[in-house]
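The values are calculated or read from the model by the stated rules, or taken from the named source; none is laboratory data. Every value quoted in this text rests on a predicted model; they were computed, and no experiment measured them. Ideal geometry is used to build each Cβ from the backbone, glycine not excepted, and the neighbour counts take in all protein chains shown.
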């Protein structure tokens, strides 16, 4: 499965890295090494932003699906329209505040075995 085509439009830094399997299936797996601290900071930032916003937007969507419309003080269609934008802003702010705690180790695992 090659996701380069789908990620190249999303972010140019992610287009450089393909998740496609190597051309030779019989080739030995890459030797896992410790991730270097000199990894591209823009790539790390894009990875953290993607992971954080995806996680938090799914979290907020799941939380909103568990509650029903209140009997009083519901904002109607206007509330429904702008609720998605509010969730997006909340996801961005929560990503900036806390996503590096769980996206950092995920990025390190992502970079293992990648050519330097």
**Request:** Check whether at least one residue in the range 32-52 is assigned to a helix (DSSP H, G or I), out of contact with any helix residue (DSSP H, G or I) (no Cβ under 7 Å at 6 or more places or on another chain), surrounded by 10 or more Cβ atoms within 10 Å (Cβ to Cβ) and modelled with pLDDT of 90 or more, and report yes or no.
**Result:** yes
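This table checks each residue for (1) in contact (Cβ under 8 Å) with a residue 40 or more places away in the chain; (2) touching a strand residue (DSSP E or B) at 6+ places or on another chain (Cβ under 9 Å); (3) in a helix (DSSP H, G or I); (4) exposed (fewer than 11 other Cβ atoms within 10 Å of the Cβ).
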{"position": "71", "(1), (2), (3), (4)": "no, no, no, yes"}
{"position": "80", "(1), (2), (3), (4)": "no, no, yes, no"}
{"position": "90", "(1), (2), (3), (4)": "no, no, yes, no"}
{"position": "95", "(1), (2), (3), (4)": "yes, no, yes, no"}
**Message:** Can you tell me which condition residue 101 does not meet? The list is (1) surrounded by 11 or more Cβ atoms within 10 Å (Cβ to Cβ); (2) closer than 25 Å to residue 39 by Cα; (3) free of Cβ contacts under 8 Å to residues at least 24 places away in the same chain, and all the others hold.
**Reply:** (1)
